[in-house]
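Just so you know, all these numbers are worked out from the coordinates, no wet-lab data involved. From a predicted model like this one, the values you see are computed outputs, not experimental measurements. Heads up, the Cβs are rebuilt from the backbone with ideal geometry, glycines too, and the neighbour counts pull from every protein chain shown.
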Amino acid sequence: MSLFRYASSIYGGSDMLIGANYGLLPWFALAGVVFVIAHAIFKAVAAPSRPR
Amino acid sequence: MTLGLTPADRIVRHKFVDRAYHWVMAVSVLILLVTAFLPILGIKFEWVGIHWVTGLVLSIIVLIHIIRASFWQDFWSMMIDSGDLKAPFGKPGKYSLAQKLYHLAIAALVLSTIASGLLMWRKVDTPFWQRDPYWLSTESWGLVYAIHGLAAMALVTMVIIHVYFALRPDEWHLTRSMLRGWMTRKEYQDHHDPRRWSAKDEA
C-alpha cells in the first residue's frame with residue numbers, strides 16, 4: 001500500500017502526487033494500539049512495578 | 001496520597017500557563033484530528049471552518065510556547081543530554097529520555113502540520129482573503145498535502161500512546177502534575193535525580 005495518492009495529469013506524462021494515502025489511517029491507529037498492548041504486556045511480565 | 005499535604009510537601013512541576021498551554025493544545029489537536037478524519041471515514045459535516053480556525057489557534061499557542069520555552073523556561077530540561085545517553089533508564093531530571101524523544105517527535109509532527117496547514121490556508125476563503133488554488137504549482141500542492149496528511153496520521157498514533165501513558169497508574173503523578181501543577185516530595189525523590197532537576201517547593 002502506497003504512502004501517497006497520485007492522479008493522472010490532464011496533460012499526460014507521469015502521475016502527479018496529490019497527497020497522503022488516507023487508507024493508511026487504520027494502520028497508524030493500529031500501530032498505536034499495538035505499541036500500547038506490547039508495552040502493557042512488557043510492564044506486566046518483564047518489569048512489574050515494585051511497591052514503593 | 002495527596003490529602004493533608006502542606007505546600008512545603010509539594011514540588012512545582014508545571015506552572016498554570018504551561019498547563020493551560022498543554023490542555024489548549026490537547027483540545028486543539030483532538031478537534032483538528034476529528035474534523036480532518038471523520039469526513040474521510042464517511043461522517044460528513046461542514047468541517048473546513050472549524051478546522052482552519054482551530055489550526056490557527058494551535059499555530060498561535062505553539063508560537064507562544066516556543067518563545068516562552070526559549071526565554072522563560074528551562075529550555076535545556078527538554079533537550080537530550082549526556083546523562084540521558086549514559087543512563088537512559090536511570091533517574092532522570094525533570095523529563096526522562098522517553099519523554100524528551102516523545103516531545104521531539106510531537107514537535108516535528110505538529111510543526112509539519114502547522115507549516116503545511118498555513119500554506120493550505122491559502123486555498124480556503126477566510127475573512128482576510130479569497131482562496132487562490134493557483135498560489136502553488138500542482139506538484140507543490142501535492143507535496144504540501146502529503147506532508148500534512150502523513151504528519152496528521154502519525155499524530156493519531158502519538159495521541160493514542162500519550163493517552164495510554166497518562167492513564168497508567170505508575171504515571172499518575174505526572175498526569176496529576178499536568179492537572180494541578182505539583183507532585184509530592186516523595187514522588188520527586190522516587191522518580192527524579194535532584195542533581196539533574198533542582199525543583200522548587202510550592203510554598
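Comparing mean-square fluctuations of B:Phe45, B:Phe37, B:Phe165 from a GNM of chain B with C-alpha springs under 10 Å, the top value falls on B:Phe45.
Summing -39500 (n - 2.57) over the DSSP H runs of n ≥ 4 in the protein assembly as shown and dividing by its residue number, what mean residue ellipticity at 222 nm do you reach, to the nearest 500 deg cm²/dmol?
Numbers: 8 runs with 145 residues, N = 255.
For the protein assembly as shown, the value works out to -19500 deg cm²/dmol.
How high is the FRET efficiency between B:Ala105 and B:Arg180 when r is their beta carbon distance and R₀ equals 25 Å, given to the nearest 0.05? The calculated FRET efficiency here is 0.40. Note on B:Asp190 and B:Lys91: the model spin-label points, each 7 Å out from Cα along the C-beta direction, lie 1.3 nm apart.
For A:Ile18, nonlocal amide neighbours, meaning residues 5 or more places apart or on other chains whose placed amide H falls under 5 Å from its own, are A:Arg5, A:Tyr6, A:Ala7. Distance between the modelled labels on B:Leu63 and B:Trp23, one decimal in nanometres: 2.5 nm (7 Å Cα→Cβ projection).
Candidate membrane-span-like segments in chain B, meaning DSSP H helices with Cα atoms spread over at least 30 Å of their own axis and a Kyte-Doolittle mean of 1.0 or above, are B:16-40, B:48-71, B:97-120, B:138-167, with no membrane implied. Placing a label point 7 Å from the Cα of B:Val53 along the Cα-to-Cβ direction, the residues of segment B:118-134 whose backbone N falls under 14 Å of that point are B:126-128. Among the lysines of segment B:13-171, pairs at least eight places apart or on separate chains and with Cα atoms under 20 Å apart come to 6.
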